[in-house]
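One structure is given below, encoded as structure tokens.
Each value in this text was obtained by applying a stated rule to the coordinates, not by laboratory testing. Given the structure is predicted, the values throughout are model-derived calculations rather than measurements. All Cβ positions, even for glycine, are placed from backbone atoms using ideal geometry, and neighbour counts span all protein chains on display.
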Amino acid sequence: MPAMLFRRKSKTNNNNNKNGHKLPSRAERAKSLSDFFSMMEESKDFVSSDHKLKHMTVRISYLNPMVDPKSIRRDILPYLISCDATKLEDLVHYLPFVSITHTKDVEQIKEKLLKGFILIQKHKEDPDGLLLELTAQHGRQVTPPEVEFSVIGPKTAFVESLDTNIALIRKLLPIPNFKVKEMSVGKVTKTKVAVIYIDGIANRENVNTLTQRLKDIEYDNIIDSSFLVQMLSDNKHSPFPQLVDTERPDRVVSALIEGKVAFILDGSPFVIMGPTTIMEFFTAFDDYALVWYLASFFRLVRLGSVAFSVFATPLYVAVLTYHYQLIPQDLIGTLISSRMGVPFPPIIEALLMELTIEVLREAGVRLPTKVGQTIGIVGGIVIGTASVQANLTSNVLLILIAMAALASFTTPNYKMNNTVRLLRFPFLIAAGFFGMIGIAAVFAILVAHLLKLTSLGRPYIEPFYPLRLSDLKDAFVRLPYSQQGQRPLLQRPVDSGRVNTWRANFKYDIDE
Amino acid sequence: MEKLKRMAVALSSLLLLVGCEQPKVVDDIRIVQALGYDYYDESHILGTITTPIYAHTGGSGQVQATADTYSVVSHIGRTLNTLLESRSEFPLEIGKLLVILYGKDLAKGGLFPYIDVVNRNPDVGRTISLAVVDGRAETILNHKFTTDQLVSAYLNDLIQHNTKASFPKNNLHEFLYSYFGDGMDPFMPLLKLKQHHVEIEGIALFKGDNYVDYLPFEYAYPFKMMFESFNDGSYEVPINRNHYMSITNISSKVDYKVENASSNRPIIYINVKEKGFLRESSSTMQPKQNIKEIERIMERTLEREGNQILEMLKKLGVDPLRLGDKVRSYDRGWSEEKWRAIYPHVTVKLDVRTTLAQTGIIE
Amino acid sequence: MPVKVPENRQVSPYFMLFIIYGIQVGIGVLSYERVLAEEIGNDGWITILISGILMEVILWMVYRVLEKNGGDLIDIHKELFGKWLGGLFSVIFSLYFLTMSLVVMRTYAEIVQVWMFPHLSYFAIAGMVGGTAYTFVSGGFRSIMGICLLSIVYSTPLFISLFFPLPYVHYENLLPMFHHSPLAIISAAHQMILNFIGFEVLFLAYPFIKQPKKAKKWGYYAIYLTTMLYILLFIITILYYPRRQLKGILWPTIEIWKIVDLPFMERFEYIGITIWFFTILPNIALSLWAASRGFKRVFNINQRITAILMSILIYVIGFFLNSRDDIDLLNAILSNIGFGFLCGYVPFLFVLQSIVYKVKKRNGKT
């Protein structure tokens, strides 16, 4: 049995009735089921027992931790015991369940049992049973988002249960066009994945691409959606994430209405959406909550701080090492005296400081909260000030690096945050070797990479290239809702009209 | 994966065979901020440089800089650079040069070789100030001034702010423009060390690259008035023998016209329109002295001084006002030699119109 | 059979503007004022205007030749000259573009060496430029269009440098106007060729543009823009420098950048040269692309391999051109070849093609 799990997936599904394979005989099925049972009985948490009813006996099997025990006592046994059924099929009418599967398919029985269903058979060997869904709800309650916190706006975030997550979305999208398609990925984990989209807005191509890619995944351990993101990406080696992840239902709903396709993995509180552009990683929910010019201003501040974070230190290194002529007259005294006595050239100094900050950050993440605060103070203030006084680094550089680190945190998306952190280093090294030309060259290579990047087949740096002026309304700046009458072209939505802008903007004449 | 590995190897080997640029790390260089050339003897010149030495602050915040000045003697030519380097602990960089001073004696002999040096160097900016020193450049550069600034910054600020006020526009670019241009001669400020201050004595006039004479500072304003349009500066107007008024300029616009351009006696009209307001008066205004009269007195004063300047320039044979260029723009057959020949006899008609806009807050 | 390019590799029609503008504005614009002023002085702007008009005419011819054929230059050559001779001409065309990329790269490397990094070896600069250009070429025509667009965006800060000389301009330098003979003015146009060549890349890029008829007007607009830019820059340079000084300044445009004085940064020319890195990337990328695509279309070899080989080739050849004179000579050669191609070969093709078509039509009728 174990060997079978890791065998390469054959082109056709095993024993799938629909494929027209010869159905296994009863004897084969019975044998397969009893093998299964003997394996399961080796685990302590598998409960299997006979119960005597009025006119028949049944055998109830389930995995104890996965089932709500109260429910068995309350919702199954009383009804079973008092019912008049003689056959398995009749039990269906007595049990207070909306959907009970009656199946002879042994594979389905095995699968569902492992997922936490309750199996009712007439006796142990019988490859014919009822499956009831009674899985217990473990996991957290719906809590405010941790990563994508917003000051105003709803404070709900996804949890680890697929059904709860879909419920959260359904609440906001009460339309029949909202479709949920399920499939399973992962050879060992067999995790449920739901592809969701709005039929009639989302482009069929996007849906098909995503579905196809999900089906093509070959891996045994799919625990979190971020694994899936890497496997589904157009370019698996790019530092830029090509599918955006979010833990906010409202964001998913907005995306779906724009025509995106999303998928939810059971067990992961992050929902992944695509196709996406690079600008999506720099938008926060608050952008839509404020007045458009305030929102645009903050968005520009965010973008500016990301640019600052990537370029500030490399520029410092380049200018101080090669291009002293650029420094304004009044600043040059400050810069020189701050660097006086530092034993390293600027590039080494900068690299050391950057690595120190990275170490601090990593350490801060791993430490428990109470200790973490102390480290922040120790690291930031003590180490920083001491190293300046000991002349190991210049205070101007320290300010720059601290500000750059701070500025990189304005990225709302965690994955993009990491990318920005990483991006700084090639620029730094290029600046140390080749000054400003080095920075220009690395930047050109970055641009080349971004130009080729696609997300589910759509260009990644749209709306800058290809230049789609209508999509620029929500890129750098956010224009008022009255201007956003069309859905973005990126997803090539089927239905691109969003709102009747004429009616929305209609103004009465003065004093009318 | 294979492809990535190959690329990585290729790239790193590229780095190895490449010659990297020599770094000029900012605290491992000496930034020359002021340069001075003096005449030493027939075949030698004295070069002086000033570089700031920044003290380490160690986190306290205040920037202290002291000036380090020293001179070397070399043959006329570029060896000056090498000799200067031999005395410096760090490489000398002139990218942040602010000011170049030339001793008067040196200037009389022709300055172009010393200007060409900085002209060719791509590191040097075009807005640096040049000045002639009545005396020796090294004296000024070595002097300890009462201001806590470095001498180079002091000199640069001195020249810059005066250029905004009453002194005509001058920097390396303007000098080169007038030097290379046909029908014009360059000029520079003339500096003199007076006790513990440096003073602008006047405008140093050049014929080509040779210093000939200077216009005293009192004539700077009328000169500037004829040279360019500008919005600042002030001048003195005598009302009568004992009473003077100081007028601040709000806007001065100059306009040129040439007649008989191709002849041997072209007539150049310089029209100046001035708008000023009264800053200070050494006596209270008499009720009958109305604005119109004052304006007329202003005009007459300026015209008189302007004409004095023009006479002086013609006598010296220098053309810093670029009159030759003005004539050239009207005459297709113009040539430099012809201009030089007729310049001392050319007729220039100066006409100044002034308007007195305000008289301050007191009547 | 004219070549067809799949739709997802094509670009929108307005990219015609970026192609032409991107490949024309290159290294010529950094030094052209000097040669033009030396030859024709302050009437040079008329020369530029005339060159621009001439280029529009040639562009019109290029469009006509391409439209009538429907494919690209390889097809045209095949049609007019037969397979072997046509193939030879196409190879020459590819080599022409290879030379163009070599010239641009070497000249830029020289500028970096003179202005910024005297000790930096040619290998490093050319390696960076060539390497980044290759990454765009390997991304296909679309990614080259991307860098064309973006390089224009990145070079907009340079336009502020046009404002800073204004306090120092002397309008008299423009006068007297028209004091050169018309013949002299027109013949000085050959100095401007280097600034306008490049749009022959259309001969290979035409099939990549969607709705070519709509795209035509963008091409005319592009040449109009470059001409205006050159005239404006030239006039400002003339107003700012006296003629005798200008003769000695090797790179007047960069000198003008020296004047820009921003509160947080002095010495703008370093920034300018760095931004110029992006301006020449489209030149080199497009030329390399054109050269390797020419070879691919004639010999059917993998374009990626050709592109890599060609990059290495120009990298190595550039090393052997060491002195100022060599580079000047190279520029002059390219200028002459370009002149021959644009003002000689293109009209020749135009005329030949119309004759051949007329003959074909007549033969078809009878």
Counted charge near C:GLU56, where neighbours are those whose Cβ lies closer than 14 Å (Asp, Glu -1; Lys, Arg +1): +3
Sorted by Cβ density within 10 Å, fewest first, the residues C:ASP75, A:ASP245: C:ASP75, A:ASP245
Share of pairwise Cα separations in segment A:227-275, more than 11 Å, in percent: 66
Residues C:TRP84, C:TRP115 arranged by fewest to most Cβ contacts within 10 Å: C:TRP84, C:TRP115
Top positive-direction residue, dipole computed over the protein assembly as shown with Cβ charges, set A:LEU132, A:SER455, C:VAL29: A:LEU132
Contact order relative to length of chain A, as percent, for alpha carbon pairs under 8 angstrom and 6 or more apart: 13
Helix-derived mean residue ellipticity, 222 nm - over chain A, DSSP H n ≥ 4, -39500 (n - 2.57), to 500: -13500 deg cm²/dmol
CD proxy at 222 nm, helix term only [per DSSP H run n ≥ 4: -39500 (n - 2.57); per residue of chain C; nearest 500]: -24000 deg cm²/dmol
Electrostatic dipole magnitude of the protein assembly as shown [Cβ: Lys, Arg +1; Asp, Glu -1; Cα centre; debye, to 20]: 4960
Dipole magnitude of segment B:28-183, debye to nearest 20 (Cβ charges: Lys/Arg +1, Asp/Glu -1, about Cα centre): 280
Segment A:240-298 and segment A:68-126: distance between their alpha carbon centers, rounded to Å: 42
Base-10 log of normalised Debye intensity for segment B:18-216 (one unit scatterer per alpha-carbon) at q = 0.11 Å⁻¹: -0.50
Dipole of segment C:261-366 [Lys/Arg +1, Asp/Glu -1 at C-beta], most positive-end residue of C:PHE341, C:LEU309, C:ILE355: C:ILE355
For segment C:77-103 and segment B:100-116, distance of Cα centres in Å: 58
Chain B - charge dipole about Cα centre, Lys and Arg +1 at Cβ, Asp and Glu -1, debye rounded to 20: 900
Förster-model FRET efficiency, 30 Å R0, C:MET177 and B:ARG340, C-beta, rounded to 0.05: 0.75
Karplus-derived HN-Hα couplings along segment A:400-415 (A = 6.51, B = -1.76, C = 1.60, θ = phi - 60°), whole Hz, x at Gly and Pro: 4, 5, 4, 5, 5, 4, 4, 5, 6, 7, 6, 6, x, 9, 5, 5
Global form of segment A:162-276, assessed from the alpha-carbon gyration tensor, a/c cut-off 1.5: prolate
Mean ellipticity per residue at 222 nm, deg cm²/dmol - from DSSP H runs of n ≥ 4 across chain B, formula -39500 (n - 2.57): -9500 deg cm²/dmol
Convex hull per residue volume in Å³, alpha carbons only, for segment B:188-320: 148
Rg and Dmax of segment B:98-222, Cα atoms only, in Å: 13.7, 43
5 angstrom amide H check on B:LEU191, placed H, neighbours 5+ away: B:VAL132, B:VAL133, B:ASP134, B:GLU201
Per-selection metrics, chain A (Cα): Rg and Dmax in Å: 29.6, 100
46 Å tail of the calculated P(r), the protein assembly as shown, as % of Cα pairs: 54
Distance violations [Cα-Cα > 25 Å] among B:LYS164/B:LYS314; C:LYS4/C:LYS78; A:LYS52/A:LYS87: B:LYS164/B:LYS314
Cα gyration tensor shape of segment A:408-458, rounded if a/c is under 1.5, else prolate or oblate by comparing a/b with b/c: oblate
Kirkwood Rh and Cα Rg combined as Rg/Rh, chain B: 1.09
Taking chain B and dividing mean pair separation by its residue count, relative contact order in percent (alpha carbons under 8 Å, at least six apart): 13
Projected-area mean, segment A:295-458, by convex hull of Cα positions, square nanometres: 12.0
Ranking of B:TYR54, C:TYR230 by count of other Cβ atoms within 10 Å, fewest first: B:TYR54, C:TYR230
Over 18 Å between alpha carbons, listed pairs B:LYS207/B:LYS338; A:LYS124/A:LYS192; C:LYS68/C:LYS360: A:LYS124/A:LYS192
Whole-number D in µm² s⁻¹ for segment C:260-366, Kirkwood Cα-pair radius fed into Stokes-Einstein, 37 °C, 0.692 mPa s: 180
Value of Rg to Rh for segment C:11-365 (Rh from inverse mean 1/r over Cα pairs, i.e. Kirkwood): 0.98
